[in-house]
Each structure stands twice: as C-alpha cells, then as structure tokens.
Amino acid sequence: ADDLAMTSDIVTVTRHVLSEQFRLGVATTGDLTLLLTAITTTSKFIASNVRRARLINLIGMAGETNVQGEEQKKLDVLSNNIMINSLRASGKTAVLVSEENEEAIIIEDRYRGKYCVVFDPLDGSSNIDAGVNIGTIFGIYHINETNTKGSVQDVLKPGSQMVAAGYCMYGSSANLVLSTGKGVHGFTLDPGLGEFILTHPDIRIPPRGKIYSFNEGNSVYFHPPVTNYLNSVKFPPSGKAPYSARYIGSMVADVHRTLLYGGIFGYPDDKKSKSGKLRLLYEAFPMAYLTEQAGGLASTGTKRILDIQPTQIHERCPVFLGSKEDVQDLMKFYEAEANKS
Ligand code: P6P
C-alpha cells in the first residue's frame, strides 16, 4: 500500500506542536495549534487539487492578473481563496497578507484572533504546467496589542519576531516543513489518513554543502561580489572539487533541497532587479526563519534577513541562504567589495 508503514507512534502536526509546548511548559490556549490546523487543512486541499489539476484542466490562465502583474493560473486563485477563507474561519487571525492581494486583509471583529499570517499561497506557480514542485509559504506573527483592531503595523515587523513559519511542497508527495521556534520538523501527507505525519524530526542543515543554486541566466546583470563568489565555487583552488549547479526555479523546491542537502540558494539583487525578485514578508522571512532554525544562515549579502524592518507588505529583498559556511563565503565577497570602495 502507498500508506506509510503503520507504526505504533503516529505523530501528527497537532500532536507534535502540543508536545513541543508541553515539553517547554508553554502556557497554551491551543490557538496556535488551531491556526496551524487551518493551514494544514488548506495544504491538504491544495495538494489534492495540484495532483488532480492536470486532470480537471485547472491548468491554464485564469484570465486575471495579480498585484505582481503576473498572469494568474486558476490554481493560484483557488489556493488563495481557500487559504483566506480557512484562516478567517479559524477565528485565530487578525491580519492576513497574501502575495495575491494588493492590500492586507483585516479580519472582522467576530472572527478576529491574535495571530497574523503572511503567505504566498502557491509559490512557483509559473511551473504548474510543467509538473515541477510548487508550494505554499507562510509566516506567523502575534498581533502587537490584544483587543485592538488589526492593522498592517501588526505585520510590518522584522522576521525575527515571527512565532512560526513553514512551507508545504506539492510534488510526488506533500511535504510540510514547519518551525515554531524550536527547530525544524518535516511532515509527509499520508493520503490514506489525510494527516501530515512526522517523517523528518529536527532537520539540521549541513555546515557546508557542495551545491550552488542561482539562476545564472541573470549573470550578465550580477554585481561583482556574486560573480566573484560563483567563480570561486566553479573554478576552485587546485585540489578542491567544483560545486554542482542545481536550480529548479521554484523557491520551495530549491530551499527544501538546500535544507536537506546543504549548499547555498541565492536570488541576488542585480542591475535588472534592484532589490532582487523574492518578496521579503512571505518568501524571504519564512525561509530565513526556517534556515536559521535548522542551523544555517540567511543574508542579503551584507545583512541578516530576519533583522530587516519591512516598510511595505510586497517589498522585495536579496536572498542568500543555506549552509552556514557557504553563506559566510558569499558574504566575504561583499565585504571585499565594500573594503575596495
Ligand atoms: P527566476 C517563482 O516564480 C519564484 O517566485 C520563486 O519560486 C523562484 O525561486 C523564483 O521566482 C524563480 O525566478 O527569475 O529564476 O525564474
């Protein structure tokens, strides 16, 4: 059967989060657990739709464009609506920010809770038609003050203030990777149970990898520190092996491989994309949070990503994340450039 070999110890997301809180004696209201349940329910629905998308011709354009000016594919629209409705209905959220919505969504009083969720409901969606892994990325903040109407100020905070972050990657199986600030844990959806089961407890990123993951199609636009770094791993000093190049073009898939195998993933700022391409709030922050929780580093090249103070909900930032030593090597080329001027 394709079900996981049934063990006597099935750790679901709910049981895992509760056991983490029990272990640390955290006074729990169950609110975060319920919020995560709303997110996992959404992921299960998206997983089943992605799986069937190619069957029930969800493929193709929805005929609308999103705030990014990108053509929306039907699955984008569907996933976004499912996520918003599920989070609102949980009664645990006050402010939602979606990659697909220009403005932040302020939840009405009777459904308002104490958490804010920033998310990209279906990142990498340009790959849907090609059957490449895509994913949902999310980050969770606590609202600033309880009993006040939520506002965008509740989410314009450094990523270091997130209380949880994660992604669900849709591919040969659905993998949920989650941190509530106590390490990174991976769950695999067992379609038979309809539950995400703990399969990768305590993911730790290797201190150094052998893979670099950049879109080298942008090389002509790269600034010198990036060009110099890439040359250092492609033409290493004699006796050292060059790194392998792996680039999927779907952030969730590239980050997932980096967390498990190590190495460095980069989407730099360059002469064409002045602040890079990836969005700070719901792409860079959650992935940086996970990377640090797994023992890696996440930098803009010169600054820790989680320390950035956002000013707009859709702003972009340069991203270099992965194995500690590989990111430190990259940062040395920025320091060298700064010392020149
Ligand atoms: P490029 C997908 O569209 C995405 O937002 C990320 O998932 C991915 O890392 C990046 O863009 C790929 O961008 O310019 O290399 O195609």
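Residue-wise test of (1) of a type outside the set (Ser, Thr, Tyr); (2) out of contact with any strand residue (DSSP E or B) (no Cβ under 7 Å at 6 or more places or on another chain); (3) outside any helix (DSSP H, G or I).
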{"residue": "Asn228", "(1), (2), (3)": "yes, yes, no"}
{"residue": "Phe265", "(1), (2), (3)": "yes, no, yes"}
{"residue": "Leu281", "(1), (2), (3)": "yes, no, no"}
{"residue": "Glu292", "(1), (2), (3)": "yes, no, no"}
{"residue": "Gly295", "(1), (2), (3)": "yes, yes, yes"}
{"residue": "Gln309", "(1), (2), (3)": "yes, yes, yes"}
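Tyr261 meets the stated requirement of being at pLDDT 95 or above and either over 21 Å from Thr188 (Cα atoms) or surrounded by fewer than 24 Cβ atoms within 10 Å (Cβ to Cβ) (or both).
Filtering region 142-163 to residues that are under 19 Å from Thr291 (Cα atoms) and either of a type in the set (D, E, K, R) or in contact (Cβ under 8 Å) with a residue 40 or more places away in the chain (or both) leaves Lys157, Pro158, Gly159, Ser160, Met162, Val163. Would you point out the residue of region 183-219, among those that are charged (D, E, K, R) and exposed (fewer than 15 other Cβ atoms within 10 Å of the Cβ), that is farthest from the ligand (Cβ to nearest atom)? Going through the qualifying residues, I end up with Asp202.
Checking each residue in region 233-261 for being among the polar types (S, T, N, Q) and within 12 Å of Ser323 (Cβ to Cβ) picks out only Thr258.
For region 191-232, the tally of residues that are touching a residue at least 24 places away in the same chain (Cβ under 8 Å), charged (D, E, K, R) and more than 18 Å from Val319 (Cα to Cα) stands at 3.
Any residue at all in region 207-221 that's at negative phi and touching a Pro at 6+ places or on another chain (Cβ under 7 Å)?
Applying the first criterion (at negative phi) to region 207-221 yields 207-221.
Those still in the list that are touching a Pro at 6+ places or on another chain (Cβ under 7 Å) too: none.
Looking through region 207-221, none of the residues is at negative phi and touching a Pro at 6+ places or on another chain (Cβ under 7 Å).
Does any residue in region 114-140 that is within 14 Å of Val163 (Cβ to Cβ) and in a strand (DSSP E or B) come within less than 8 Å, Cβ to Cβ, of a residue that is at pLDDT below 95 and among the hydroxyl-bearing types (Ser, Thr, Tyr) six or more places away or on a different chain, and which pairs are these? Close Cβ pairs satisfying both conditions: Lys114/Thr146. Residues that are surrounded by fewer than 24 Cβ atoms within 10 Å (Cβ to Cβ) and within 12 Å of the ligand (Cβ to nearest atom) within region 131-145 comprise Val132, Asn133, listed in sequence order. Return the residue satisfying two criteria in turn: it lies in region 220-231 and is more than 16 Å from the ligand (Cβ to nearest atom) and touching a Leu at 6+ places or on another chain (Cβ under 9 Å), and of such residues it is nearest to Leu178 (Cα to Cα). Once the filter is applied, the top-ranked residue is Tyr229. The residues in region 234-291 that are closer than 27 Å to Ile128 by Cβ, of a type in the set (S, T, N, Q) and more than 10 Å from the ligand (Cβ to nearest atom) can be counted, and the count is 4.
With respect to Thr148, determine if the residue is among the hydroxyl-bearing types (Ser, Thr, Tyr), closer than 29 Å to Gln312 by Cβ and surrounded by fewer than 15 Cβ atoms within 10 Å (Cβ to Cβ). Write out each step before concluding.
Numbers: among the hydroxyl-bearing types (Ser, Thr, Tyr): yes; closer than 29 Å to Gln312 by Cβ: yes; surrounded by fewer than 15 Cβ atoms within 10 Å (Cβ to Cβ): yes.
Taking the combined requirement at face value, the residue satisfies it.
Scanning region 159-182 for residues that are loosely packed, with under 15 Cβ neighbours inside 10 Å and modelled with pLDDT of 95 or more gives Ser160, Gln161.
The values are calculated or read from the model by the stated rules, or taken from the named source; none is laboratory data. All of these numbers come straight from a predicted model, not from anything done at the bench. Glycine gets a Cβ as well: all are built from the backbone with ideal geometry, and neighbour counts include every protein chain shown.
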